[in-house]
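Please treat every number below as a calculation from the coordinates, not as lab data. Nothing here was measured: the structure is a model prediction, and the numbers come from that model. Don't worry about glycine lacking a Cβ; one is built from the backbone with ideal geometry, like all the others, and counts go over all protein chains shown.
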Amino acid sequence: MVPSIRLHVPDDLREAAEITPTPAQAHYLGTVMRRAVGDAVRLFNGRDGEWRASVTQLRRDRATLVVRDRLRAQADEPDIWLAFALLKRDATDLVVQKATELGVSALRPVLTARTVAARVNLHRLGAIAVEAAEQSERLTVPELAEPVTLAALLAGWPPARPLFAAVERSSAPPPRAPGRPAGLLVGPEGGYAPDELELIRRHPFVILASLGPRVLRAETAAIAGLALLQVPPGGE
């Protein structure tokens, strides 16, 4: 069976619409995946659901797709924000990829006292999120924000959105889906500085949470926390 290809595009999707993929997408279709004129491609834009399109023109870095019919209507997805301390490049890439696969709606990079990376390539991280959304068959790509300090994140956090803060060596219960929009905060390698923990505790919308008895790597904590946060109330 020929593997199905999904592409995220910014264009409005409707029957008979003509879509021009980016040069990178055209290269991927023709050179990497060996597609040809007449082959089917699935498209989504985060607004109009998922549509089937067919290739009508394909060259080395140019392609034209024509939208045929809608396969899935746009549907609600989990409204979970992940706020995470920036890690080394490979670990940050992994967090973005897996968080996207797990359905987060927004990614909020955070700078803390023990953050090991002072800079981040948002363009690269955005591309990783798009690819993960394409492969995981979700209908949206998470919003990716500019990095902010922990103090700025907490100061600007919507008070009505509970924020579960994963804290090591804590007797707090694990995070559980509150049945409404929520967020998860994961700290850096080495954990939070004492004054940061005090700052976190001062905000009434923050709920301290434990991810178990072991000390997890930061990227593992993000994945585990997101999975736990999506367990339905009363679920096992």
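Overall shape: oblate for the stretch 92-193, with the ratio a/c of the largest to smallest alpha carbon gyration tensor axis at 1.5 or above and b/c at least equal to a/b. The stretch 196-236 and the stretch 102-125 have Cα centres lying 17 Å from one another.
Overall shape: oblate for the stretch 117-161, with the ratio a/c of the largest to smallest alpha carbon gyration tensor axis at 1.5 or above and b/c at least equal to a/b.
The packing ranking, built from the mean of other Cβ atoms within 10 Å per residue, places the peptides 183-189, 119-125 in the order 183-189, 119-125, highest first. Taking a ≥ b ≥ c as the square roots of the eigenvalues of the Cα gyration tensor of the chain, is the shape rounded (a/c under 1.5), prolate (a/b larger than b/c) or oblate? Prolate, since a/c reaches 1.5 and a/b exceeds b/c. Using a cutoff of 8 angstrom between alpha carbon atoms and counting only pairs six or more residues apart, the relative contact order for the stretch 80-229 works out to 31 percent.
Taken as entire DSSP H runs, the helices of the chain never both span 27 Å or more between Cα atoms along their own long axis and average 0.0 or more on the Kyte-Doolittle scale.
Taking the inverse of the average 1/r across all pairs of different Cα atoms in the stretch 6-72, what Kirkwood radius in Å do you get?
With all distinct Cα pairs of the stretch 6-72 included, I get 11.5 Å.
The sum of -39500 (n - 2.57) across all DSSP H runs of n ≥ 4, divided by the residue count of the chain, sets its helix-only mean residue ellipticity at 222 nm to -7500 deg cm²/dmol. Packing-based ranking of 82-94, 28-40 yields 82-94, 28-40, ordered from highest to lowest mean Cβ neighbour count within 10 Å.
Between the stretch 135-186 and the stretch 47-64, what is the C-alpha centre distance in whole Å? Using only Cα atoms, the two centres lie 35 Å from each other.
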